[in-house]
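Colleague: Just passing along the structure, written as structure tokens.
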Amino acid sequence: MAQTETGKFVAAAEGETNASGNSYIYLYDMETHKLINKLTFHQKGVQAIAFADKGKVLISLGVSDENALAVWDISQGLVLKSALIPGHSTN
């Protein structure tokens, strides 16, 4: 789980593949107590998430079998950049 510096948003991620074949990152607005987005990019699970740029972006790291890194624009729910890190441990 990750929280922005201001505490406005909280993100939680699935550590393994769910029934739909993806691993979701759930983004919650703590002021309204509502789910505002369900982000999907990682297919095998998410091992780490963190907010950056004062809560404007979210960085997610897939499990070591996937070795994928994604940088999200949380206002749009889109991946801005992604990278595969083949042959390296991503712990």
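The values are calculated or read from the model by the stated rules, or taken from the named source; none is laboratory data. Being a predicted model, the structure only gives us computed values, none of them experimental. Here the Cβ positions follow ideal geometry from the backbone for every residue, glycine too, while neighbour counts run over all protein chains shown.
Colleague: If I filter segment 39-49 for residues that are touching a strand residue (DSSP E or B) at 6+ places or on another chain (Cβ under 8 Å), of a type in the set (S, T, N, Q), modelled with pLDDT of 90 or more and in a loop (DSSP other than H, G, I, E, B), do I get at least one hit? Full working, then the answer.
Modeller: Residues of segment 39-49 touching a strand residue (DSSP E or B) at 6+ places or on another chain (Cβ under 8 Å): 39-49.
In the following step, the residues that additionally are of a type in the set (S, T, N, Q) were identified as 40, 43, 47.
Adding the requirement that they be modelled with pLDDT of 90 or more leaves 40, 47.
Within this subset, residues satisfying the condition of being in a loop (DSSP other than H, G, I, E, B) are none.
Looking through segment 39-49, none of the residues is touching a strand residue (DSSP E or B) at 6+ places or on another chain (Cβ under 8 Å), of a type in the set (S, T, N, Q), modelled with pLDDT of 90 or more and in a loop (DSSP other than H, G, I, E, B).
Colleague: Within segment 55-75, does at least one residue satisfy the condition of being without any contact (Cβ under 8 Å) to a residue 12 or more places away in the chain and in a strand (DSSP E or B)? Lay out the reasoning, then the answer.
Modeller: Within segment 55-75, the subset without any contact (Cβ under 8 Å) to a residue 12 or more places away in the chain is none.
No: zero hits.
Colleague: Looking only at segment 2-18, decide whether some residue is modelled with pLDDT of 90 or more and crowded, with 18+ Cβ neighbours inside 10 Å. Outline the logic, then answer.
Modeller: The initial filter retains those residues of segment 2-18 that are modelled with pLDDT of 90 or more, namely 10-13.
From what is left, the residues that are crowded, with 18+ Cβ neighbours inside 10 Å are 11, 13.
Taking every residue of segment 2-18 in turn, at least one turns out to be modelled with pLDDT of 90 or more and crowded, with 18+ Cβ neighbours inside 10 Å.
Colleague: Can I ask one more? If you take the residues of segment 76-91 that are in a strand (DSSP E or B) and over 23 Å from VAL10 (Cβ atoms), which of them is modelled with the highest pLDDT? Show your work before the answer.
Modeller: First, the residues of segment 76-91 that are in a strand (DSSP E or B): 78-84.
Checking which are over 23 Å from VAL10 (Cβ atoms) leaves us with 83-84.
Values: ALA83: 93, LEU84: 90.
Ranking the candidates gives ALA83 first.
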